[in-house]
Amino acid sequence: MKDLLRHHPDDRVIAAAIALLDALCSWERSTGRHNVVIIKDSIGVQYRSFDGAPQPENISDVMMLDAFDCLAKQEL
């Protein structure tokens with residue numbers, strides 16, 4: 001799949017995704033709380049990150065969500 005931030009045909013979607021990612025990174029830096037982002041569009045674009053770091057294709061969505069769940073449980 002292509003990178004949503006570079007290849008989505010709607011500039012509003014790109015801007016909204018960037019604003020969300022910026023806010024989550026700021027939130028994580030100020031609170032230490034974790035986040036996982038998985039955005040997929042049926043036009044063949046996606047964006048996936050874990051704590052602000054883009055994830056490689058060989059890391060599955062399930063692996064990302066499992067890792068996030070483990071960290072989130074530790075925060076309780």
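General observations
- Across region 3-51, the qualifying residues are those that are of a type in the set (A, V, I, L, M) and surrounded by fewer than 15 Cβ atoms within 10 Å (Cβ to Cβ), and the one among them that is farthest from the chain's Cα centre (by Cα) is I43.
- Scanning region 9-55 for residues that are in contact with a Leu (Cβ under 7 Å, 6 or more places away or on another chain), farther than 18 Å from D69 by Cβ and of a type in the set (V, I, T) yields I14, I18, I39, V45.
- Restricting region 49-60 to residues that are among the polar types (S, T, N, Q) and free of Cβ contacts under 8 Å to residues at least 24 places away in the same chain, the residue that is farthest from R12 (Cα to Cα) is N58.
- Scanning region 14-48 for residues being without any contact (Cβ under 8 Å) to a residue 12 or more places away in the chain, among the hydrophobic types (A, V, I, L, M, F, W, C) and farther than 26 Å from K73 by Cβ gives a total of 4.
Readers should treat all values here as calculations from the given coordinates under stated rules, not as data from a laboratory. As the structure is a prediction and not an experimental result, all values here were calculated from the model. Note that we place each Cβ from the backbone using ideal geometry, even for glycine, and neighbour counts take in every protein chain shown.
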